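Any read-out appearing in this document is the output of simple, stated calculations on the displayed coordinates, not a laboratory observation. The shown structure was predicted, so the numbers you read here are calculated from the model rather than taken from an experiment. Backbone-built Cβ (ideal geometry, glycine too); neighbour counts: all protein chains shown.
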Amino acid sequence: MTTMTEDRLREIIAAYGPDPARWPEDERAPAADLLARSPDVFEAEIREAEALDQALAALPLPDLPVGLIDGVLANAPEGSDQSALSGRIAPAWDAFRAWLAGAALATLSAGLAIGYFGPDLATPSTDDADLVLTFAMASDGFGEFSDGFSE
């Protein structure tokens, strides 16, 4: 049996959501056991994952155009297994929608990170001024740079 750590359970919840049915099969029982023993420890992670699931479920999913599958099957090469082709289209579309949701989540996460950390990156510091002065002193143009300063 796999030993489950709190950090690994947090990773599982973040990656697969709060529903144990979606967790990796070989880690499901130990993870559920740890969650049952310490529900308060993982309360924030569970709430966050539930909120994300609800937000993703609320997104409108585009419908396939009417007749698309029939049109693809009608234009399939002769001798192809059309039932197999039909069985591949729907899962591919579902995979694309899942990828699209993941891309939207990644974009949202990047935007939040830039919004949170961005102001600190744009604020000049004394280290920046020291760097400019050091560069100017090391270059041939220090005389021109220092001409503007008088004692």
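Okay, here's what the table says:
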| quantity | calculated |
| --- | --- |
| Ranked list, fewest to most other Cβ atoms within 10 Å of each Cβ, for Leu112, Leu100 | Leu112, Leu100 |
| Inter-label distance for Gln54 and Val72, nm, one decimal - labels placed 7 Å from Cα along Cα-to-Cβ | 3.4 |
| Residues Phe42, Phe96 arranged by fewest to most Cβ contacts within 10 Å | Phe96, Phe42 |
